[in-house]
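Read through the structure below, which is laid out as C-alpha cells, and then see the notes.
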Amino acid sequence: MHQLPDTPGESTALRILSQAVATICAAAMALSAIAILISFVLIGWAVVMRYVFNAAPAWVDELVGHLLVATVMLAVAQTFRRGEHIGVDVLVQRLSPAGKRWATAWAAVACAAVATVLVVSGGQTAMLARTLGLVTEGHLEWPVWWLMLMLPLGGALLLLATLEALWRTWIGRPLRPASSSQLAAPRDAP
C-alpha cells in the first residue's frame, strides 16, 4: 500500500480517501503495465512466427488492440494523480498562486466531466452491446461489452482521482507530483 505522509491541515477523511485512491490507482497502473508487457511478448512472438516460420497468428493484432484500450483506461487515473496529463504549463507557471489553484481546479472539473461521460455513456453502451449480444469482428469474437466495460472502469478511476484533486485544491493542499528526477533516483536513506 502507498502510505501518504500525515500533512497538517488535512482531515482524516481526506487522508483515507487519498490512501484508497492511491492504492486503487497503483493497482490499476500495475495491471496496465502487465497489459503492456503481454502486448510486447505477443508482438515479438508474432514477428518471429511471421518471419521465421511463415505462420503469422492473425489474432495477435486484435488482442493487442484490446489490450491497448485496457492499458489506457487503467492508467488514466494514476497519470492524472501524477500531474502527467497534457497541460499548458507555460501559462500555468506564470500564474499567481491563486491563479494556479483555479487552473488546477478547472483541470480537475474538466477531467471529472470527461470521467462522468465515460462512466455513464460507456456503461450504457456496454449494457446495450450485452443486450444485443454483440461480439467483436475477427478471429477472437469476444463479447463486445467485456471490452466496453473498460470505459466506465477507467472513467470511475479518473472520477475518484479528480474528486480527491478537487478536495485537495479546495483546502489548498494539492498533490505534489514528483518530478522526473525524483521518480528516477531513489532517495538516500538517513
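The values are calculated or read from the model by the stated rules, or taken from the named source; none is laboratory data. This one's a predicted model, so the numbers in the text were calculated from it and none came from an experiment. Cβ placement follows ideal geometry from the backbone for every residue including glycine, while neighbour counts extend to all protein chains displayed.
For the reader, a short list of remarks on this structure follows.
- Pairs linking a residue in segment 150-168 that is within 9 Å of residue 21 (Cβ to Cβ) to a residue that is among the hydroxyl-bearing types (Ser, Thr, Tyr), with Cβ atoms under 7 Å and 6 or more positions apart or on different chains, are 164/18.
- Index of the failed condition, residue 104 passing every other in (1) at pLDDT 95 or above; (2) surrounded by 15 or more Cβ atoms within 10 Å (Cβ to Cβ): (1)
To keep it simple, each residue is scored yes or no on (1) farther than 24 Å from residue 25 by Cα; (2) in contact with a Cys (Cβ under 8 Å, 6 or more places away or on another chain); (3) among the polar types (S, T, N, Q).
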site: 65; (1), (2), (3): no, no, no
site: 75; (1), (2), (3): no, no, no
site: 82; (1), (2), (3): no, no, no
site: 93; (1), (2), (3): yes, no, yes
site: 97; (1), (2), (3): yes, no, no
site: 105; (1), (2), (3): no, no, no
site: 114; (1), (2), (3): no, no, no
site: 148; (1), (2), (3): no, no, no
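- Test for residue 169: is it polar (S, T, N, Q), under 24 Å from residue 13 (Cβ atoms), assigned to a helix (DSSP H, G or I) and out of contact with any Cys (no Cβ under 6 Å at 6 or more places or on another chain): yes
- Segment 129-157 - residue that is part of a helix (DSSP H, G or I) and touching a Phe, Trp or Tyr at 6+ places or on another chain (Cβ under 6 Å) and, of those, surrounded by the fewest Cβ atoms within 10 Å (Cβ to Cβ): 130
- Filter pass, residue 126 being part of a helix (DSSP H, G or I) and under 12 Å from residue 80 (Cα atoms): no
- Residue in segment 6-20 that is more than 21 Å from residue 165 (Cα to Cα) and in contact with an Asp or Glu (Cβ under 9 Å, 6 or more places away or on another chain) present: no
- Given (1) surrounded by 17 or more Cβ atoms within 10 Å (Cβ to Cβ); (2) under 16 Å from the mean Cα position of the chain (by Cα); (3) at pLDDT below 95; (4) of a type in the set (Val, Ile, Thr), index of the condition residue 60 fails: (2)
- Residue count for segment 57-106 satisfying the condition of being without any contact (Cβ under 8 Å) to a residue 24 or more places away in the chain, within 29 Å of residue 169 (Cα to Cα) and among the small types (Gly, Ala, Ser): 5.
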